[in-house]
Every structure is written in C-alpha cells, then in structure tokens.
C-alpha cells in the first residue's frame, strides 16, 4: 500500500515537471512570401520601407498571444501597445536590412524567443515609423507620432517540428493597416463621458 502511494506521488511530480517545461529560445523567421502585400489603410499603398534606415521605415511588432492564444486589441495606455496577456517579443522595420529590392511593403526579420509547442504568435503593422526608435515601443496615447492605422496578421501556432528544425518560419499573409488608432482627444472625450455616467448614477442614488 505504501509503495502504491509513493508511485502515485512520483507520477504526479513527473506530470507537473513535464507540464511546466519551457523550451529554449527558438529562431522565428517572419516574412511575407508575396512581395508587396503589406499595405496602408487604403489597401493598395505599400507600407514605406528602407533597407538602410529603420528610423524612417514603417514598423511592425511580433507578438506572443499569451496563454489564451487570442489576439488582443491595441492598448494605447500601455508602453508597448499590447493588452490582455499578449507580449511583444520582437520588432522589425519594413524593408530594413533586406538586402534586396523592393523594400516597400515587405519584411524579412528573425527574432529569438523562448516558446512552447502550441504557443500562438502574430504580427502587428503600423503605417508610420516608431516615434521612439530605437527603443522599439509602439505609438501611445501620449506619443502617437504619425501613425493613424494598424493591422494584425493571421496567427501562427508553434509546432514540435519548429523545435526539431530549430527555426519557425512564419509566412505573413496579406495585411492592411485598416484599423484606426483613436486620437488622444477622442480617448479623452470617451473617458470624460464614462466619468460623467458614473457621476450621474452617483447623483441619482442620493
């Protein structure tokens, strides 16, 4: 009977051990295989790119979708623009260090990050350079820069095969920066409206 409990306890420890395994960093090659399919909000103007100066090129983030595997919305109040459990794991600039033309509407980058099998990643693109280059943060409500729109790519799920080959090749589908970034004044008006509603409800309770 004692041996039975020891065996069950050992199996439980082994199960917990395997459940918490974190793989070593893996190289994620993220690029678009159809040249010039990253566009501005009009769906046709290519995102601006340059091979020599990342500070002037439109930029993109590679994002880990967190434990829930869901793409969360842009959050202008956070320093890197992600919300929920999403985490920015890499930043790239359109056309930068590509070594070939054309640079507009194209990206070719490699990011190293520790991920697990079944983890989900995606790319988010902006129609402007990062205003705080090279610290690589997203435009925020305080520092919107010139970005007016952003877009998310489809997600990519990491597989065991990626670890077997030590690289995950994430081919980005056609992406348009078609989601408008709220202006700071719009956000302020919304916050004032919410505060007014709560104030009115408090007044009614008296």
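Throughout, read-outs are computed from the coordinates displayed, never taken from laboratory work. Keep in mind that what you see is a predicted model, and the values were worked out from it rather than measured. No Cβ is skipped: glycine too gets one built from the backbone with ideal geometry, and neighbour counts run over all protein chains shown.
Highest mean packing comes first when the peptides 67-74, 121-128 are listed by Cβ atoms within 10 Å, giving 121-128, 67-74. Working from label points 7 Å from Cα in the Cα-to-Cβ sense, the residue 44 to residue 85 distance is 4.3 nm.
For the range 79-124, the calculated P(r) over all alpha carbon pairs, in 10 Å bins from 0 to the bin holding the longest distance, is 20, 44, 29, 7 percent.
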